[in-house]
Amino acid sequence: MTQKLVVIGAGMASGRVLEHLFDAEADFDVTLFNAEERGNYNRIMLSPVLSGEKTYEDIVTHDADWYDANGVTCHFGDHVTAIDRAAKTVTSQDGTVAYDKLLIATGSAPFIIPVQGKDLPGVITYRDLDDTNAMIEASEKGGKAVVIGGGLLGLEAAAGLAERGMDVTVLHLMGHLMERQLDEAAGFLLRGDLEKRGITVKCRASTVAILGEDKVEAVLLEGDEVLEADLVVMAVGIRPETRLATDAALSVARGVEVNTQLQTSDPDIFAVGECVELDGQLFGLVAPLYDQAKVLANTLMGTPDVFTPKELSTKLKVTGCDLFSAGDFEEAEGREDIVFRDPARGVYRRLVLEDDVVVGAVMYGDTADGNWFFGLIRDKTDISDMRDTLIFGPAYQGGAPSDPLSAVAALPRDAEICGCNGVCKGQIEDAIAAGATDLAAIKATTKASASCGTCTGLVEQVLAVTLGDDFVIPTDASICGCTDMTHEDVRRMIKSQELKSMPAVWQECGWKTSCGCHICRPALNFYLLADWPLEYQDDPQSRFINERKHANIQKDGTFSVVPRMWGGITTPDELRAIADAADKFAVPTVKVTGGQRIDLLGVKGEDLPAIWDDLNKAGMVSGHAYSKGLRTVKTCVGSDHCRFGTQDSTGLGIKLEKILWGSWTPHKLKLGVSGCPRNCAEATCKDIGIVCVDSGYQISIGGAAGMDVRETELLCQVATEDEVIDVIKAVTQSYRENGKYLDRIYKWMAKVGLDWIQEQVADLENRAALAARFDLSQSVYRKDPWAEHVAEASPYQALADLTLEAAE
Amino acid sequence: MNALPDEWLDIASLDAVPQRGARLVKTAHGCVAVFRTGDNKVFALDNACPHKKGPLADGIVHGSEVTCPLHNWVISLETGAVQGADEGQVETYPARVEDGRILLDVAFLKRRDAA
């Protein structure tokens, strides 16, 4: 007997079910509802329609003739409004139809972020042909488009709109694009490729509202940034469309729950496609949907069959960028990574291993070996025999290992190697060709590495790349086990290759781990913020706890709090506030420091924001007693009170501290200003010391009074306070730009030489340029971190308090 | 509350813990550190380094390890084992993420009670 099959939704999954049924000549009388005014088409191909490579006619799967020939009663553009399970009927806008078997294939609905302005004309989603046509129409007027969502759909929309001539910005909430398919490094490469195509990408961008009167005009982001927009595309994600199933009281979790026969909680109702959930899993890619369609067709025809979710691989092409991801590439217990980066070709590969089996793979740039790796994942192949060469793919099994010098080999000839003397890689190569075959000869002929010397490692690598086995690089310590490069190499790469994020450094410098370690991350964070103060976003998670929590950790896990006392000067009000805070927070120890201020020791981590708030209210700010940055400017009382004082050393000390505070340096930076050569402020064992004399100010640098004890050496003598300030800004900036992380000034001076530093500040033009770069950086960093953290105090508090639960 | 074995307790939103960071959960028997790695896995460990009881939640998280802020011992978040030449073990507790929420197995509270 012919059964009445009613299908809700004419998408790719239900379309495939019908094909199987008709191919097998199954005895069904089919009625097909679709909310869209058309039948089944290939949604995967909407991107080429948007970009103009294809038309709707090209992507139609089932046309009117096909439905006609198979006797399908079509209700297109007709919304189903209810399912009556007792009467076994379906009601739509046009009427009621009875069923023997019902198939729910409602697919998924775009997720709309609930912000003001989401319903304005000009705000569209990207899900079906109508959306695509709306975008094409909008793009004909040109102008600016903002795409919210940096997943696959959003990026395809962005690429299509850019192709049609719009000025496109992609906003993405997470730290990198396509975070579900790609890890951070691959996300960085993808972003670079999109930016080359003229698309602006903003990550960690949270949309607050969509602005406009009668149509969309702009998008407002958190942080009050406003982006003009003539068109806003929301592509933040999809969710299973389950409303009909929920109303019919079927079992629904995130999707319509089905068993492995695709049967819902009602034995006569089935579901297929993106709207279903099986064992907590949702399905979005076409391969499992087609598997479901086959199993469901068999189930309907009474042939036993079971749907088993398979390991999935995704090979994607977003505007010509090759991506591949398969399996599970997240880190987990017992898993190991093999990472391969070839900066020359923009290639990144990461394999995740567990018990000698590949369980996940991410590839970017060259995905030709994707299927081979996918085969290893699917077949759970034991790779222990080929582990050493596995990452290079099938062609390299037993082949040559990679070249550790590839990062330098990849640099173009015009890449600047020596910043001091402006020497490019090509000039060094030419010098080598002309017979300079060691470092000394290169220095003599090109001047590369002949000044500050921080590029020595890179010059040696150029020699090694050019000369091959004829040149052996003197071994210099790399930063840590994550890289073969030295601090100096990495700094040169950050500057010359304009690397402005941590993933950029990891990729372009061939990092061997996925995200660095506790040794390299703090160094990279400093180098990036020192070289790109405006572009780079400081990463608290890459800082040692003292700089992350703006307090010094003590051996028992408590912290010490040191408010700033400008130039060592305080007031009775400040002292009272400090005393009150010490009482209120039961501070066990109050100590006077060597830097002329007061240390409150033994404060609990969770009390930090509250004690800071009290000190802030009394006008005090963080003393940065914990930072690799400006600590104190110690002063004597100078000409104000002292009968020997020659200048206002206290006043100059306060001025310097107010200019320098908040700045980050390779290691801590302590200053002293003494009012006369009796040197009561002990300025000549500070990193930078000023000794006032009758005729002006002697500025000396490179003192130390710790594990090493050293006297400063004279940098220069100047006549006015303004000159002191400019020289100190300049020398501090030069130290920031050239010093190795965790080298105090005296160690830096030992490497580059006092003469070189003197030249830097003696050249007035260069002095002014260094001071200007220091001021630019201070426009970002001269601020009180305590006040900021008081405003956002939750990270200092416990995530949850379960002490009560345990007590019961 | 009625704590059954294998009952998962919703602690907080995943977003409440920064990537490559940690936050504390207070219990009657000391603090448990909840870590979030760069690829959004969560792990729960006692917040005390086996060396000198350093607060691991204040360490630097890299890969699936954390470095203790006091003396740079490196501890595996997956197993709680001290890495490298040092030796020691930190207690770990079941933790997982579901729908953007961090879940802890409440059984761990009972085990800590017995401890």
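Just so it is clear, none of the values below were taken in a lab; they were calculated from the coordinates. All figures in this text were calculated on a predicted structure; none of them were measured in a lab. Cβ placement follows ideal geometry from the backbone for every residue including glycine, while neighbour counts extend to all protein chains displayed.
Which value at 222 nm does the protein assembly as shown reach when only helices count, each DSSP H run of 4 or more adding -39,500 (n - 2.57), with the total divided by all residues and rounded to the nearest 500 deg cm²/dmol? Let's see the in-between values first.
Values: 28 runs with 270 residues, N = 923.
When only DSSP H runs of four or more count, the value is -8500 deg cm²/dmol.
Can you pull the semi-axes for the stretch A:123-236, root of five times each eigenvalue of the Cα gyration tensor, sorted largest first, whole Å?
21, 17, 12
Among DSSP beta bridges lying fully in the stretch A:5-112, give the percent that are antiparallel, nearest 5.
Expressed as a percentage, antiparallel bridges in the stretch A:5-112 total about 45.
Stick to Cα atoms and the Kirkwood definition of Rh, then tell me Rg/Rh for the stretch A:313-396.
We get a ratio of 0.95 for the stretch A:313-396.
Around residue A:256, which amide H atoms from residues at least 5 apart in sequence, or from another chain, sit under 5 Å from its own amide H, with H modelled in the peptide plane?
Residues meeting the amide H criterion: A:276, A:277.
Please give the helix A:129-140 orientation as an angle from the longest Cα principal axis of chain A, in degrees from 0 to 90, rounded to the nearest 10.
50 degrees
For the stretch A:675-773, give the magnitude of the charge dipole about the Cα centre (Cβ charges: +1 Lys/Arg, -1 Asp/Glu; no others), in debye to the nearest 20.
That gives a dipole near 440 debye.
Restricting to bridges with both residues inside chain A, how much of the DSSP beta-bridge set is antiparallel, in percent to the nearest 5?
Counting DSSP beta bridges with both partners in chain A, the antiparallel share is about 65 percent.
State whether the stretch A:406-538 is rounded, prolate or oblate according to the following rule on the C-alpha gyration tensor (a ≥ b ≥ c being the square roots of its eigenvalues): a/c under 1.5 gives rounded; otherwise a/b larger than b/c gives prolate, and the remaining case gives oblate.
prolate
When the convex hull of the C-alpha atoms of the stretch A:6-132 is computed, what volume per residue in Å³ does it have? Present the calculation step by step, with values, prior to reporting the outcome.
Details: hull volume 16.3 nm³, N = 127.
Taking the convex hull of the Cα positions in the stretch A:6-132, it is 128 Å³ per residue.
Name the residues of the stretch A:27-41 whose amide N is less than 20 Å from a point 7 angstrom out from the Cα of residue A:137 along the C-beta direction?
Residues A:35-39 fall inside that zone.
Antiparallel DSSP bridges in the stretch A:632-783: what percent, to the nearest 5? List each step's numbers first, then the result.
Details: 13 of 20 bridges.
Once the DSSP bridges in the stretch A:632-783 are tallied, antiparallel ones form about 65 percent.
Tell me, what ³J(HN,Hα) does each residue in the stretch A:4-12 have, in order and in whole Hz, if you take phi through Karplus 6.51 cos²θ - 1.76 cosθ + 1.60 with θ = phi - 60° and put x for Gly and Pro?
Result, rounded to whole Hz: 8, 9, 9, 10, 9, x, 10, x, 5.
Sorted from largest to smallest, which semi-axis lengths in Å does the alpha carbon gyration tensor of chain A give for its equivalent ellipsoid, taking the root of 5 times each eigenvalue?
Semi-axes from the Cα gyration tensor: 62, 33, 24 Å.
Working from the pairwise distances between different alpha carbons, so that the mean of 1/r is found and then inverted, what is the stretch B:9-110's Kirkwood radius in Å?
About 13.3 Å, per the Kirkwood formula over Cα pairs.
In Å, the Kirkwood hydrodynamic radius of the stretch A:546-622 over pairs of distinct alpha carbons?
After inverting the pairwise mean of 1/r, the radius is 12.4 Å.
If each residue's Cβ is checked for other Cβ atoms within 10 Å, how do A:714, A:282, A:32 rank with the fewest at the top?
Neighbour counts put them in this order, fewest first: A:714, A:282, A:32.
Taking amide hydrogens as modeled 1.01 Å from N in the peptide plane, which residues meet the under 5 Å criterion relative to residue A:208, leaving out close sequence neighbours?
Residues meeting the criterion, in which the H sits 1.01 Å from N, are A:220, A:221, A:222.
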